[in-house]
Amino acid sequence: MEGIKLPRFTTMNSILSIIDLGTNTFHLLIAEQQQGSYRILYRDKQAVRLGQGGINQNKITDSGVTRAIRTLKLFKEKIDLYASSNILAYGTSALRNALNQKDVIQKIKQETGISITVISGDQEAELIYFGIHYGLKLGEEKSLIIDIGGGSVEFIIGNASGIEWKRSIEIGGQRLMELFQKHDPILPEEIKTLDQYFNSVLSDLFEALETIQPKTLIGSSGTFDTLSDIYCLKNGISQHEDDPETPLTFEGFYEIYRELIFKNRDQRMAMPGMIELRVDMIVVSCCLIRYLIEHYSFQTIRVSGYSLKEGALYLHSKTIT
């Protein structure tokens with residue numbers, strides 16, 4: 001694992017807490033070690049919008065810091081309730097690019113007692129890969145894994161044997177929305193401008209796709225979770241919150257996409273399966289997904305509910321002897 005040090009905790013406490021401080025959403029996972037593996041005890045996700053208003057200026061705003069501290073205090077209460085003294089907290093795109101990163105991390109530490117490790121884009125991509133590897137049976141056929149965050153998007157091509165190619169590109173939903181979506185519903189001209197932008201920044205990805213030829217697109221968490229929820233409700237498919245994989249088809253995606261681009265925020269919120277923490281960025285995120293599947297011929301699409309935090313959990317379990 002490139003550069004990420006997963007500590008061997010000195011305490012005998014078997015409860016591990018993992019926090020993913022995303023640009024849009026903070027995630028908490030609490031799990032108990034059991035004979036070299038873990039049993040998940042608790043999950044939570046909160047819309048913090050850490051990057052809102054400053055993501056494209058490489059700054060965390062004061063209001064973003066306030067929301068982060070408020071959420072992390074709530075997370076810490078839950079961590080203490082489970083008597084977990086082992087905490088891994090990872091800062092991603094918004095924090096790693098913030099010019100005021102050091103001040104923000106210090107303030108969070110002072111207010112919550114939580115120490116944050118800021119990880120690189122490559123490290124984030126690797127953790128995401130291991131989360132997918134942990135939750136899904138990848139097999140030997142190559143897949144393109146995509147995790148659309150608020151600040152960055154991680155692209156990983158690999159299979160059960162490992163990663164063949166990876167990139168973290170700073171084209172996450174918050175960045176795209178603030179740069180390109182000035183109207184709601186989004187205008188056709190804004191979609192065209194987005195496509196032109198994707199064409200300019202994704203050349204390395206498409207070169208890798210043509211070279212490696214993955215057959216499957218795997219969407220990791222976030223936007224893909226919400227798309228799967230909407231698809232399942234439309235089609236009467238039952239699913240469970242903790243399922244590592246949930247259904248979606250290309251036809252189902254296009255049906256949802258065609259609805260989203262003509263709806264405003266209130267209309268999107270009225271769609272069964274939509275949630276508040278996705279409703280704003282889902283339009284530009286789906287524009288990215290549509291662009292990818294129009295410009296490369298995938299045979300299958302899968303949705304993984306597992307991502308960075310499960311990847312950290314998986315790797316930490318491997319350090320236990």
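No value in this document is a laboratory result; all are computed from the given coordinates. Because the structure is a prediction, the values reported are computed rather than measured. So basically every Cβ, Gly included, is an ideal-geometry build from the backbone, and we count neighbours across all protein chains shown.
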Gaussian network model of the chain, springs between alpha carbon atoms under 10 Å - residue of Gly139, Gly150, Gly173 with greatest fluctuation: Gly139
Shape of segment 19-134, Cα gyration tensor, a/c cut at 1.5: oblate
Backbone HN-Hα couplings from phi across segment 85-92 [Karplus 6.51/-1.76/1.60, Hz, Gly and Pro as x]: 9, 9, 10, 10, 10, 10, x, 10
Ala89 long-range amide H proximity, modeled H, under 5 Å: Ile19, Thr117
For the chain: relative contact order, % (alpha-carbon pairs under 8 angstrom, 6 or more apart): 21 percent
Three-way shape label, segment 137-305, alpha-carbon gyration tensor, a/c 1.5: oblate
Fewest-first sequence of Met177, Met271 by Cβ atoms within 10 Å of each Cβ: Met271, Met177
Square roots of 5 times each gyration tensor eigenvalue, C-alpha, the chain, largest first, Å: 29, 23, 19
Residue order, fewest to most beta carbons within 10 Å, for Ile282, Ile169: Ile169, Ile282
GluC sites (Glu not before Pro) within segment 104-171, DSSP loop, no more than 10 other Cβ atoms inside 10 Å: Glu140
DSSP beta bridges in the chain [antiparallel fraction, %, rounded to 5]: 65 percent
Rounded to 10°, Cα long-axis angle of helix 308-318 versus longest principal axis of the chain: 40 degrees
Amide H contacts under 5 Å for Tyr306, placed H, 5+ residues apart: Ser221
Gyration tensor (alpha-carbon) shape descriptor, segment 222-299, a/c threshold 1.5: oblate
Residues Cys287, Cys232 arranged by fewest to most Cβ contacts within 10 Å: Cys232, Cys287
